[in-house]
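The values are calculated or read from the model by the stated rules, or taken from the named source; none is laboratory data. Just so you know, these numbers come straight off a predicted model, no measurement behind them. Backbone-built Cβ (ideal geometry, glycine too); neighbour counts: all protein chains shown.
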Amino acid sequence: MPNLYFVLPHWLYWGTLIVFPLIAIYLVNRQLQRGVPRGPSVFIAYMFWLFAGFMGLHRFYLKSRWGFAFVPVFLALLYVNGLIGDRREDVSRTRAAVETSHIEISRARISPNETATPEATERLAKATAAGKDAEAQFKVEEQRLDDTYGYSRWLAILMAAMMVVDAILLPGLVRRTAAREASESQIELAEIPDIPAQGTGEDPAKEVHTWLTDKIEWVNVRTGEFVAYWAVISVFVYYYEVIARYAFNSPTNWVHESMFLMYGMQYMLAGAYAYREDQHVRVDVFYTKFSPRGKAMADIFTSIFFFIFIGVMFWTSWRFAADSVANGERSFTEWQVQYWPIKLMMPIGAGLLLLQGVAKLIKDIVFLTRGRA
């Protein structure tokens, strides 16, 4: 298999973080308007074909046994790729042996000013014979490496041909599978109730609405939904890393860094959304036993500590980010991605969390005055 020498450009990294969620939100909203999907989807089938077609998962998605035809070809590719690594080591080892034999021959060579003693002649003969053996072994290992590369190329061509054929056949396969499933009896699955985790879903003022709080929560909900789709990006990126590392012997130096930076930004920006949805787990054995009014009063009292913490977090992170922006800070790794956008997400996330805290306080006060949500 050929090596992959790809380093993610910085513009593509930042562009994907912006464009991908927009596309995903559009597709999800369009699907929601059409209703619950029934049967296989051409789009999903092509997604399987693109990212896991070499293992036949697009065929398995369509419940076709022909997917098993891809498995031995893929396993053979992995096996041959492992052999290539072994063959390279053998070539390096025999090349080193040839160089060593040349050194021994030069040392054993009898100069014109010396008398050719039987011992010197025998040493030269042995060094020459060992050199010829080393060169012969080196040529054998080179030929074995070339043969293994040839097997890998033919397997890759076979896999590519199989995937091209299936790319053409996929729409028809999806239509036939959909027609077959439509004729079969469908079992309706019971709806699973949404049960919040222990300590969450306890906010009595969650359903309180005012003009100001609705505006604040609209921003935080949209921000949280936007960055939530970044998790899907990580699936594709880590998938690329696994394939590049184990199928192409081309591990990356940017996948892990790009993803943990992305999740760090997601953590900061999604905090306000999680607070709005009451998904921050409370470690409090008393709060869950309070009445709704008692919970609202407890939230108002503890908001003092919340605003102190968020205020300090916003101020310190803003200074931290401002220094990074002023210096155009980059990472110290080989990838050298810009650090200042990541650090700028810290005060932005703290600001969104501060706004959500204000909205939460207003809703608690309104709840107490109304006596209900």
Result of the Cβ filter at 6 Å on segment 119-143, keeping first residues that are over 30 Å from residue 83 (Cα atoms) and of a type in the set (Phe, Trp, Tyr) and partners that are modelled with pLDDT of 85 or more and surrounded by 12 or more Cβ atoms within 10 Å (Cβ to Cβ), at least 6 apart or interchain, is none
Of the numbered conditions (1) in a loop (DSSP other than H, G, I, E, B); (2) touching a helix residue (DSSP H, G or I) at 6+ places or on another chain (Cβ under 8 Å), residue 53 satisfies every one except a single condition; which is it? (1)
Among the residues of segment 237-252, is any more than 30 Å from residue 152 (Cα to Cα) and in contact (Cβ under 8 Å) with a residue 60 or more places away in the chain? no
Considering only residues that are within 27 Å of residue 105 (Cα to Cα) and small (Gly, Ala, Ser), which ones fall in segment 135-160? 136
Those residues that are basic (Lys, Arg) and either assigned to a loop (DSSP other than H, G, I, E, B) or loosely packed, with under 12 Cβ neighbours inside 10 Å (or both), I need them from segment 101-131; list them, please. 107, 109
Scan segment 265-295 for residues that are hydroxyl-bearing (Ser, Thr, Tyr) and surrounded by 13 or more Cβ atoms within 10 Å (Cβ to Cβ) and jot them down. 267, 273, 275, 287
Extreme residue, farthest from residue 267 (Cα to Cα), among residues of segment 329-347 that are touching a Ser or Thr at 6+ places or on another chain (Cβ under 9 Å) and not in a helix (DSSP H, G or I): 335
Of all residues in segment 235-257 being exposed (fewer than 15 other Cβ atoms within 10 Å of the Cβ) and of a type in the set (Phe, Trp, Tyr), the one that is farthest from the chain's Cα centre (by Cα): 246
Looking at 359, 326, 298, can you tell me which residue is without any contact (Cβ under 8 Å) to a residue 24 or more places away in the chain, part of a helix (DSSP H, G or I), surrounded by 15 or more Cβ atoms within 10 Å (Cβ to Cβ) and over 29 Å from the mean Cα position of the chain (by Cα)? 298
